[in-house]
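The structure under discussion appears below in the form of structure tokens.
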Amino acid sequence: MTLNIISSSEQIIGKLIGRLDTDAASDVESQWNALIESANRHIVLDCTELEYISSSGLRLFLTLQKATMAKGGHLTLREVNPSVKQVFNLTGFSSIFAFE
């Protein structure tokens with residue numbers, strides 16, 4: 001799992017590549033904290049290359065969503081593939097997040 005973060009004056013883009021399973025979630029958690037620190041801005045998670053998400057990955061997404069809401073920012077999930085989107089639908093998380 002790779003998380004590449006690109007920051008501009010308007011927004012922060014986090015590009016997720018690979019499988020966000022339990023092991024990967026703990027590996028990217030320090031980078032994820034950098035996103036949480038910037039939660040007062042618009043954060044876009046580019047999920048074009050996100051192949052899989054586990055409950056640990058969902059926990060990271062939920063933590064970031066709560067932080068952006070608390071700090072007045074906005075979180076958008078971009079290009080979520082159908083199998084990953086199905087996980088969001090089955091867990092009810094699709095109603096919590098904004099998708100592009």
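At a probe radius of 1.4 angstrom, the accessible area of the chain per residue rounds to 51 square angstrom. Amide H to amide H, with H built 1.01 Å from N, Phe97 comes under 5 Å of no residue 5 or more places away or on another chain. Which residue, Asn81, Asn40, Asn89, tops the fluctuation ranking in a GNM of the chain built on C-alpha contacts under 10 Å? Taking springs between Cα atoms under 10 Å, the residue moving most is Asn89. Taking amide H positions as modeled 1.01 Å from N, with prolines and chain starts lacking one, the residues under 5 Å from Arg41 and 5 or more places away or on another chain are His74. The structure shown yields P(r) over Cα pairs in 10 Å bins from 0, in percent, and of the options (i) 13, 28, 27, 17, 9, 4, 2, 0; (ii) 16, 56, 27, 1; (iii) 15, 52, 29, 4 that calculated value carries the label (ii).
If both residues of a DSSP beta bridge must be in the chain, then about 25% of such bridges are antiparallel.
Here the chain has 49 percent of its accessible surface on carbon and sulfur atoms, given a 1.4 Å probe and all protein chains in place. The simple spin-label model puts a point 7 Å past each Cα toward its Cβ; for Asn33 and Glu100 those points are separated by 2.8 nm.
The values are calculated or read from the model by the stated rules, or taken from the named source; none is laboratory data. Keep in mind the model is a prediction, meaning the values are calculated, not measured. When we count neighbours, we look across all protein chains shown, and the Cβ atoms used for this are built from the backbone with ideal geometry, even at glycine. The accessibility values were calculated without ligands, DNA or RNA, using every heavy atom of the protein model including side chains. Shrake-Rupley method; radii C 1.70, N 1.55, O 1.52, S 1.80 Å.
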